[in-house]
1. Could you run the Karplus curve 6.51 cos²θ - 1.76 cosθ + 1.60 with θ = phi - 60° over the stretch 138-150 and give me ³J(HN,Hα) per residue in whole Hz, x for Gly and Pro?
2. Expected output is a single nm value to one decimal: the length gained when fully extending between Ala31 and Asn17, i.e. 0.36 nm times separation in residues minus the C-alpha distance. What is it?
3. Positive end of the charge dipole of the stretch 181-280 (Lys, Arg +1 and Asp, Glu -1 on Cβ, about the Cα centre): tell me which of Phe237, Met209, Ser192 has its Cα farthest that way.
4. May I ask you to compute the full-extension gain from Asn227 to Ala281, defined as 0.36 nm times their residue separation minus their alpha-carbon distance, rounded to one decimal in nm?
5. So what J values fall out for the stretch 88-102 if you push phi through Karplus, 6.51 cos²θ - 1.76 cosθ + 1.60 with θ = phi - 60°, rounded to Hz, Gly and Pro as x?
6. Please go through the stretch 89-122 and write out the GluC sites (Glu not before Pro) that DSSP classes as loop and that have at most 16 other C-beta atoms within 10 Å.
7. Using each residue's phi in the stretch 214-223, evaluate 6.51 cos²θ - 1.76 cosθ + 1.60 at θ = phi - 60° and report the 3J(HN,Hα) Karplus result to the nearest Hz, with x for Gly and Pro.
8. Report the gain in length on full extension from Leu125 to Ala247: 0.36 nm times residue separation, minus Cα-Cα distance, nm rounded to one decimal.
Amino acid sequence: DNSCSMLLNGFTGEIINKIGKVMKYEFKHSARLLLPLYGVLLVLGLFTGLSFDKNMAAEMINPTVNYNADGFNISTNYNSETETGLLTGLLIFACTVLASVIVVITIVTLVRRFKQSMLEEEAYLNLSLPCTMGEQLWGRYIMDFLWLICCTLVIFCSFMLCFIRFDLAGIFRELKESVPEIKVELAKHNVSFAKTVTLSVFCTVSFSMLGISLIFAINAVSHLFSNQKGFFKILSFIVYCFIYSKAMKLLPFMDASEYNIQPMITQNCLLLIAYNILWTALLFAGTQYIFTKKLNLE
């Protein structure tokens, strides 16, 4: 038993080590573009926050947050005569635009990296490594997922830096104090605040996983055709969306009712998460099969 356990642990450790090497290689290449962009966004967010005058920031918002039947109310002392300054306005605009551009660049970079590392000249070197096709794909898959998390965190931090001169501690304190009131209001409709937030996070994660698998699968399918690869990428994406939406209609989603919202939210989110995970597994397995059996680097 001890020998089998040691053999299994050694085998698992070897697989993890190989996947880690693929991740390290992918990180090195993607980081050349993405890390400088993330750094610029964080610095721009800091400059934007520092451009606010402390008195201006205090006048713009008085952190009092209340919850009522109409939603959230944030009481402020800000009025139309308060000037934020041309520089601050331009920095806020630039920060927002750059954040949007970085999301697009991150996704495009991940798509290009997969194509370059698995289907173009880099593939000759990558596929010569002592790694199975599954290990190659898993390394890239995990690294892509981590890049999406990193992108989200960087954008969140940059916007927090934009409000560095505001009384963020006071705002978060008021928000925390308003949570019990929110829970009471939600409880009237049998809705759990914590469960709803948790399910929403898992839904977002499942969609991210599905998106990465879809990128892999579309590139794999287009590789089966020697000509018009761009056309077949678009066609395979359309076909996937059609099948995905049609199959979703077969799921037993619950309809919302006034006093039965939480079971509806729970069941629908769990169904959607399971549905996305199933599609993720199918697309990943299809990609691995195509690259294992049908890969042809000319």
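1. 5, x, 6, 4, 5, 5, 4, 5, 5, 5, 5, 5, 4
2. The Ala31-Asn17 span can extend by a further 3.0 nm.
3. Of the listed residues, the answer is Phe237.
4. This chain segment gains 16.6 nm when fully extended.
5. 4, x, 5, 5, 4, 4, 5, 5, 5, 5, 4, 4, 5, 5, 5
6. Passing both the DSSP loop test and the Cβ count: Glu120, Glu121.
7. Coupling constants for the stretch 214-223: 5, 4, 4, 5, 5, 5, 5, 5, 5, 5 Hz.
8. 40.0 nm
Only the coordinates and a few stated rules stand behind these numbers; no lab work does. Fair warning: this is a prediction, and the values are worked out from it, not measured in the lab. Cβ: placed from backbone, ideal geometry, glycine included. Neighbour counts: every protein chain shown.
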